[in-house]
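So the structure is just underneath, and the comments pick up after that.
The values are calculated or read from the model by the stated rules, or taken from the named source; none is laboratory data. Because the structure is a prediction, the values reported are computed rather than measured. Positions of Cβ are generated from backbone atoms using ideal geometry, with glycine treated the same way; all protein chains shown enter the neighbour counts.
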Amino acid sequence: MAILLTGSLVFVVMGFRQAATAPFDARARRRAVAIAFAALLIIVIPLSVASYDLIVTNKISARTYALGQEWLQGSGYRLMSVDAETADGTVNLLLLGDGDLPPLNKLEERTRDLIFGRTMRVKVVESQTLYIGTK
């Protein structure tokens, strides 16, 4: 929107308004309007699709993160990240910790409708905490 407004302002300052209002035949004016409308569609449609995909991806990430945190409560694991912007369409969860994981079917039940038919991949990184020195 800012680009379009700035471009319009530049055209007004440069005097293109007089050229636009100068007498043209009706056919040339219709052709100009059709070209402008086609250019607008070429820009707006891909931006709309990309915006929708971004909104869905962000919604999946936020909800999956919240449910993942809840699922891991009381376990020895932390949810380090959720990645829903993968090329293959999977939702990746990265867990760090040790001990027994809570049942995966509980996570699956809670997130099934939230990930819009995508596959979830849970990557578990076992960690160990070591203390060196005296207390």
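For the subset of region 79-135 comprising residues that are surrounded by 15 or more Cβ atoms within 10 Å (Cβ to Cβ) and of a type in the set (S, T, N, Q), which member is nearest to LEU67 (Cα to Cα)?
My answer is THR111.
Any idea which of ASP53, ASP98, ASP83 is among the acidic types (Asp, Glu) and at pLDDT below 90?
Of the residues listed, the single one that is among the acidic types (Asp, Glu) and at pLDDT below 90 is ASP53.
Condition check ((1) at pLDDT below 90; (2) touching a strand residue (DSSP E or B) at 6+ places or on another chain (Cβ under 6 Å); (3) of a type outside the set (Phe, Trp, Tyr)) across all residues:
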site	(1), (2), (3)
ASN92	no, yes, yes
PHE116	yes, no, no
LYS123	no, yes, yes
GLU126	no, no, yes
ILE132	no, no, yes
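Which residues, counting only those in region 51-86, are touching a Pro at 6+ places or on another chain (Cβ under 6 Å) and outside any helix (DSSP H, G or I)?
Quick first cut of region 51-86, residues touching a Pro at 6+ places or on another chain (Cβ under 6 Å) only: 71, 75.
Within region 51-86, just SER75 meets the criteria.
Could you please tell me which pairs satisfy a Cβ distance under 7 Å, a separation of 6+ or placement on different chains, a first residue in region 1-16 that is on the phi < 0 side of the Ramachandran plot, and a second residue that is assigned to a helix (DSSP H, G or I) and among the small types (Gly, Ala, Ser)?
Nothing qualifies.
Can we say ARG110 is in contact with a Leu (Cβ under 7 Å, 6 or more places away or on another chain) and at pLDDT below 90?
Yes.
Does ILE35 fit the bill of being assigned to a helix (DSSP H, G or I), farther than 28 Å from SER127 by Cβ and either β-branched (Val, Ile, Thr) or in contact (Cβ under 8 Å) with a residue 60 or more places away in the chain (or both)?
Criteria met by ILE35.
Determine which member of the set PRO102, PRO23 is touching a Phe, Trp or Tyr at 6+ places or on another chain (Cβ under 6 Å) and outside any helix (DSSP H, G or I).
PRO102
Suppose we filter GLY117, GLY89 for residues that are in contact (Cβ under 8 Å) with a residue 12 or more places away in the chain, assigned to a loop (DSSP other than H, G, I, E, B) and under 24 Å from the mean Cα position of the chain (by Cα); which single one remains?
Going through GLY117, GLY89 in turn, just one is in contact (Cβ under 8 Å) with a residue 12 or more places away in the chain, assigned to a loop (DSSP other than H, G, I, E, B) and under 24 Å from the mean Cα position of the chain (by Cα): GLY89.
I'm told SER61 meets every condition in (1) modelled with pLDDT under 90; (2) closer than 30 Å to MET1 by Cα except one. Can you identify the failing condition by its number?
Against the list (1) modelled with pLDDT under 90; (2) closer than 30 Å to MET1 by Cα, SER61 comes up short only on (1).
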